[in-house]
Amino acid sequence: MPVESGSSAAARQAKQKRKSHSLSIRRTNSTEQDRSGLQRDMLEGQDSKLPLSLRSNLLDLFSQIEREFENLYIENLELRREIETLNDRLAAEGQTFEGADLAKGALKTKASHSTSQLSQKLKTTYKASTSKIVSSFKATTSRAVCQLVREYVGHRDGIWDLSVTRTQPVVLGTASADHTAMLWSIETGKCLLKYTGHQGSVNSIKFHPTEQMALTASGDQTAHIWRYMVQLPTPQPVADMSQTPCEDDVDFSDKDEADGEVEGPNDCPSVRVATTTLRSHQGVVIAADWLVGGKQVVTASWDRAANLYDVETSELVHSLTGHDQELTHCCTHPTQRLVVTSSRDTTFRLWDFRDPSIHSVNVFQGHTEPVTSAVFTVGDNVVSGSDDRTVKVWDLKNMRSPIATIRTDSAVNRISVSVNQKIIALPHDNRQVRLFDMSGVRLARLPRSNRQVIAECCFNRL
């Protein structure tokens with residue numbers, strides 16, 4: 001029996017392989033023809049006002065889309081299997097390393113270049129999930145328990161902003177879409193003063209660092225500075241209310257829905273005239289804040305600019321331009337002449353006025369959707385929130401990448417940071433308020449209300 005040479009055997013195998021490949025192609029083409037014929041039969045059996053040729057063309061296009069999705073699905077499955085295999089290999093090698101003799105340097109001998117590449121690939125692939133796992137191990141602080149202590153009822157429309165005075169007497173200030181700002185007794189919930197000088201929605205309220213003065217920003221394209229004098233009422237004993245675990249989604253019914261329209265406090269005195277009116281914006285003034293010392297204020301507007309004013313003369317000192325879309329918020333550093341502005345252009349900007357002769361600005365592009373707010377902490381951090389459902393903590397000394405990222409399930413509105421305990425409060429579009437520490441570990445979730453949480457959270461002497 002003749003023996004077939006190696007070259008002829010290889011040629012015969014290649015010929016068989018080409019033959020099977022051509023049969024596979026013909027079989028695939030046959031399947032496609034059968035499918036298209038079946039589709040045409042289905043089209044003829046259906047009632048439609050579209051011409052048959054157009055319907056057939058549409059069906060072919062949808063078939064191509066279906067095939068593309070099918071290929072992507074198969075590729076995704078293959079990638080998942082590959083990742084699982086790599087993960088198993090890394091886990092096995094990690095177990096081998098743990099049992100090795102460190103004194104003899106066995107780890108350094110076995111750790112090859114391919115292993116380091118494998119480790120880096122897996123580290124990149126599972127970065128998000130690993131961060132969550134590490135955060136869960138870091139969460140040594142027990143979950144807080146939230147309790148409804150008091151409600152402040154009196155506004156006729158939504159509340160956009162909250163603030164607490166920095167000096168005595170300590171009162172709560174609220175800015176509302178009903179064109180008013182109110183001052184409240186924190187202990188009793190009683191309205192102490194109402195400011196009615198704006199002709200539009202009051203979007204922001206901030207208190208002077210040392211004097212009894214308030215700064216409000218409004219949709220009437222102005223910012224007002226007005227003085228107040230209040231006398232705190234005698235505190236009333238707080239009713240014994242059962243504590244509500246933060247993880248429960250409890251709906252507190254609104255009093256104005258249950259009892260009809262709220263008429264507001266009748267005995268609340270009013271202030272109708274501002275001490276200083278700041279004009280120069282060509283759009284809604286969405287936020288305003290005092291610079292350190294209280295001699296200057298900064299305002300942010302939908303006209304894409306932030307303005308720096310002198311309080312004593314009411315003159316415009318600087319117009320801070322550069323954002324490509326409407327500004328959403330502005331905040332000043334508590335101890336330095338620094339200003340941060342956020343915008344719908346997905347960026348926030350840091351303005352430095354510490355040197356009178358040089359006014360520098362840095363642009364940060366850390367988000368993919370509009371930045372709803374960016375605030376300073378007492379230390380050297382900036383916390384930014386966005387509609388991309390993330391909150392990021394930045395170090396002023398190195399702003400290249402965030403030191404912590406908090407991922408949420410809903411867009412984040414105006415965030416607030418407590419002064420002493422460095423707790424971040426995140427109000428969401430999904431009617432929830434969550435508390436995190438500066439490293440991104442969640443501490444609590446406040447009970448859910450039955451309206452959108454659109455106002456800024458406010459910490460009182462934390």
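The values are calculated or read from the model by the stated rules, or taken from the named source; none is laboratory data. Everything numeric in this text was worked out from a predicted model, so none of it was measured. For neighbour counting, all protein chains shown are included, and Cβ atoms are generated from backbone atoms with ideal geometry for every residue, glycine included. All accessible areas refer to the heavy atoms of the entire protein, side chains included, with ligands and DNA or RNA removed. Shrake-Rupley method; radii C 1.70, N 1.55, O 1.52, S 1.80 Å.
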Notebook entry, point to check: So for TRP302, TRP184, what's the accessible-area order with a 1.4 Å probe, most first?
Noted result: TRP302, TRP184
Next item on the list: Using only protein heavy atoms and a 1.4 Å probe, report how much of ILE83 is accessible, in Å² to the nearest 10.
Entry: 50 Å²
Checklist line | Phi-based couplings in Hz for segment 184-198 (Karplus 6.51, -1.76, 1.60; Gly and Pro marked x) | finding: 10, 6, 5, 6, 10, x, 8, 6, 9, 7, 10, 9, 10, x, 8
Check: Counting only residues 5 or more places away or on other chains, whose amide H sits under 5 Å from the amide H of SER204 once H atoms are built in the peptide plane?
Finding: ALA217
Checklist line | Using θ = phi - 60° and Karplus 6.51 cos²θ - 1.76 cosθ + 1.60, couplings along segment 57-73 (whole Hz; Gly, Pro as x) | finding: 5, 4, 5, 5, 4, 5, 5, 4, 4, 4, 5, 4, 5, 5, 5, 4, 5
Notebook entry, point to check: Going by accessible area, probe 1.4 Å, with all protein chains left in place, what is the ranking of ASP324, ASP355, ASP220, largest first?
Noted result: ASP324, ASP355, ASP220
Check: Which length gain, in nm to one decimal place, applies between ASP157 and ASN420 when the Cα-Cα distance is subtracted from 0.36 nm times their residue separation?
Finding: 91.5 nm
Next item on the list: Calculate the spin-label point distance for ALA91 paired with THR313, positioning each point 7 Å from the Cα along the beta-carbon direction, and give it in nanometres.
Entry: 7.0 nm
Checklist line | ILE65 - accessible surface, heavy atoms, 1.4 Å probe, Å² rounded to 10 | finding: 80 Å²
Note to self: Apply the Karplus curve 6.51 cos²θ - 1.76 cosθ + 1.60, θ = phi - 60°, to the phi angles in segment 294-302 and return the couplings in whole Hz, x for Gly and Pro.
What the structure shows: x, 8, 9, 10, 10, 10, 10, 9, 6
Notebook entry, point to check: Using a 1.4 Å probe on the protein chains only, how many percent of the accessible area of segment 366-425 belongs to carbon and sulfur?
Noted result: 39 percent
Notebook entry, point to check: log₁₀ I(q)/I(0) of segment 269-381 at q = 0.20, 0.22, 0.23 Å⁻¹, via Debye over equal Cα point scatterers, no solvent, to two decimals?
Noted result: -1.07, -1.26, -1.36
Item checked: Amide proton proximity set for VAL171, modelled H, under 5 Å, gap of 5+ -> THR165
Margin query: Rounded to the nearest 10 Å², what accessible area does ARG67 have for a 1.4 Å probe in the complete protein model?
Written below: 80 Å²
Checklist line | Accessible solvent surface per residue of segment 327-389, calculated while the other protein chains remain in place, 1.4 angstrom probe, Å² | finding: 38 Å²
Item checked: Amide H contacts under 5 Å for LEU192, placed H, 5+ residues apart -> LEU183, TRP184, SER185
Next item on the list: With a 1.4 Å probe and every protein chain left in place, work out the accessible area per residue of segment 141-212 in Å², rounded to a whole number.
Entry: 40 Å²
Next item on the list: Pop out the carbon and sulfur fraction of the accessible area of segment 156-238 as a percent, whole number, probe 1.4 Å.
Entry: 51 percent
